[in-house]
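Down below is the structure, laid out as structure tokens.
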Amino acid sequence: MIAKVSGPFDLVFQDGAKSLYLPMLNRLVDLLRPRGVLVTDNVLWSGDVVPDFLPKPEHDAESIQAIAEYNERLASDPRLITTVVPLRDGVAISVKR
């Protein structure tokens, strides 16, 4: 479905299957205009993305790994300036350069 969407957009909100966060990132950034904002929900995943933060993870290992990899990519993506706001399960706010 995302392939059929055309932009550019000022704001994109991402919340869905965690395994798709990283595969969709390039397309979502491409859809943003310069200074557009990508908001991603659940980037802290109840603290599960931080190794040993909780004695027993609340989510499955696959989704935890998917979000951890996505967060690393967001932090290192030269097209974006990103910050994480620790509201509930965490929200990443990324501005396209």
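Derivation of every value follows stated rules applied to the coordinates shown; laboratory data play no part. Every value quoted in this text rests on a predicted model; they were computed, and no experiment measured them. Heads up, the Cβs are rebuilt from the backbone with ideal geometry, glycines too, and the neighbour counts pull from every protein chain shown.
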**Complete:** If amide H atoms are modeled at 1.01 Å from N in the peptide plane, then the residues at a separation of 5 or more from L32, or on another chain, having amide H under 5 Å from its own are F9
**Item:** 5 angstrom amide H check on V91, placed H, neighbours 5+ away
**Value:** V43, V85
**In Hz, Karplus ³J(HN,Hα) per residue of the range 84-97 (6.51, -1.76, 1.60; θ = phi - 60°; x = Gly, Pro)** = 10, 9, x, 8, 6, 8, x, 10, 9, 10, 10, 10, 6, 5
**Request:** Identify, among F53, M24, F9, the residue whose Cα sits farthest towards the positive end of the charge dipole of the chain, taking +1 on the Cβ of Lys and Arg and -1 on the Cβ of Asp and Glu, with the dipole about the Cα centre.
**Result:** F9
**Request:** Jot down the radius of gyration and Dmax of the chain, Cα atoms only, both in angstrom.
**Result:** 13.4, 43
**Qualifying GluC sites (Glu not before Pro) in the range 26-90, DSSP loop, other Cβ atoms within 10 Å at most 16** = E58
**Message:** For a quick check: sort S94, S19, S63, S76 by the number of other beta carbons within 10 angstrom, fewest at the front.
**Reply:** S76, S19, S63, S94
**Fill in**
Under 5 Å from the placed amide H of F13, counting only residues 5+ away or on other chains, we find V39
**Asked** Dipole of the chain, Cα-centred, from +1 at each Lys and Arg C-beta and -1 at each Asp and Glu C-beta, to the nearest 20 debye?
**Response** 580 debye
**Prompt:** Hey, what angle do you get for helix 61-76 against the long axis of the chain, alpha-carbon based, 0 to 90 degrees rounded to 10?
**Reply:** 50 degrees
**Asked** Along the range 18-34, what does the Karplus equation 6.51 cos²θ - 1.76 cosθ + 1.60 (θ = phi - 60°) give for ³J(HN,Hα), rounded to whole Hz, x for Gly and Pro?
**Response** 5, 5, 9, 3, 5, x, 8, 4, 4, 5, 5, 5, 4, 6, 7, 7, x
